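First the structure, in the form of structure tokens, and then the observations on it.
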């Protein structure tokens, strides 16, 4: 296999930043980081493209940096998609076992999956993912891979993720305009989950909460399967805007204050501690209590966590999430947020750092890169599927091997 064939590129297109990651598949099918590219985002709002040319230029900038570091020209990328147009729901499918001697075959699994996704989808929406939660054979549940088992009726419970077709196509068009082609589109919280969750957490029950610039992307796992997913239109940029409005200071200065002085642990602050807050336009800077700024941040954090708690509670019994919650994404780095989340969500909370890939420096083992690294992992699964695919006429086993590999992690 040639050098180019082993290259896997992922692209995390966020509201505030764009990350390009070039990785190489090693002989043991693990991944190794080759180079990265980073650019401030432009032309996006809450994960959605609002200016195609600006978005394409920002994507191209991140790609140019990664290509310059590695000497590799990027052709195909796995892209993450987010936005409150992403919707997930659970559904069910059933089919008769048609294999010889009632033995379940790959074709039987394909039939039951097709039955599960044979649901009415509005013409303006498309299915991005169909993820198995559990197979049942003659009403016996708890089966992850039924191939080779014997029975007469096969059922499956699945989690389906859909998106607005036009908004997803706009994202693809921006990548195309940046002179690259999209190999696969993956919902961002699924990608982040691959990078930061352990198998034990997925088994015991866990919520991964990826707080980006414009959105918070959540996925809930139990018994090694995704149980629910949703996107909330709240992210780090909203914290910054609240500061900008509350302190009457430009957005860039509000972001600097958030990064350098921000915390949600306001009770630990002295009322006498002051920070310098630049004025708007020609107005002079003025001193304001640091506690005043941090109370604004805490109010927004409490609002976001209450909404997250409500949505998780509406889709799963929080007491069943034994492993608690794993926070990732740049917005999760706000000082004190994890402690506040543990108190409000009433469950254990930890910071999610990407893992499972070679060559992670301290800079890359960072929540900001969780989605890009998870996308690379999904890209590796795609590569394995293409490598093992025998022919177009025999595509079903290839598709199901990839499907079962994904949901069985």
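The values are calculated or read from the model by the stated rules, or taken from the named source; none is laboratory data. If you're wondering where the values come from, they're calculated on a predicted model, not measured in any experiment. Don't worry about glycine lacking a Cβ; one is built from the backbone with ideal geometry, like all the others, and counts go over all protein chains shown.
Things to note:
- Test: residue in region 16-33 that is at pLDDT 95 or above, surrounded by fewer than 17 Cβ atoms within 10 Å (Cβ to Cβ) and more than 14 Å from residue 372 (Cα to Cα): no
- Failed item in (1) over 20 Å from the mean Cα position of the chain (by Cα); (2) modelled with pLDDT under 95, with residue 64 passing the rest: (2)
- When region 34-49 is limited to residues that are without any contact (Cβ under 8 Å) to a residue 40 or more places away in the chain and under 18 Å from residue 240 (Cβ atoms), the one that is surrounded by the most Cβ atoms within 10 Å (Cβ to Cβ) turns out to be 42.
- With respect to being surrounded by 20 or more Cβ atoms within 10 Å (Cβ to Cβ), at pLDDT below 95 and more than 20 Å from residue 189 (Cβ to Cβ), residue 119 falls outside the description.
- Test result for residue 37, in contact with a strand residue (DSSP E or B) (Cβ under 8 Å, 6 or more places away or on another chain) and more than 21 Å from residue 195 (Cβ to Cβ): no
- The number of residues in region 16-56 that are in a strand (DSSP E or B) and over 21 Å from residue 363 (Cβ atoms) comes to 5.
- Qualifying residue in region 342-365 (condition: surrounded by 14 or more Cβ atoms within 10 Å (Cβ to Cβ), in contact with a strand residue (DSSP E or B) (Cβ under 8 Å, 6 or more places away or on another chain), under 30 Å from residue 148 (Cα atoms) and modelled with pLDDT of 90 or more): no
- Of all residues making up region 260-300, the number that are more than 36 Å from the chain's Cα centre (by Cα) and touching a residue at least 40 places away in the same chain (Cβ under 8 Å): 1
- Within region 75-169, strands (runs of 3 or more DSSP E) holding 3 or more residues that are within 27 Å of residue 213 (Cβ to Cβ) and in contact with a strand residue (DSSP E or B) (Cβ under 8 Å, 6 or more places away or on another chain): 76-81, 87-96, 125-137, 153-164
- Region 170-203, residues that are assigned to a loop (DSSP other than H, G, I, E, B) and within 17 Å of residue 369 (Cβ to Cβ): 197
- Region 307-331, residues that are part of a helix (DSSP H, G or I) and either without any contact (Cβ under 8 Å) to a residue 60 or more places away in the chain or on the phi > 0 side of the Ramachandran plot (or both): 309, 310, 313, 314, 318, 319
- Filter result for residue 183 (at pLDDT 95 or above and under 24 Å from residue 63 (Cα atoms)): no
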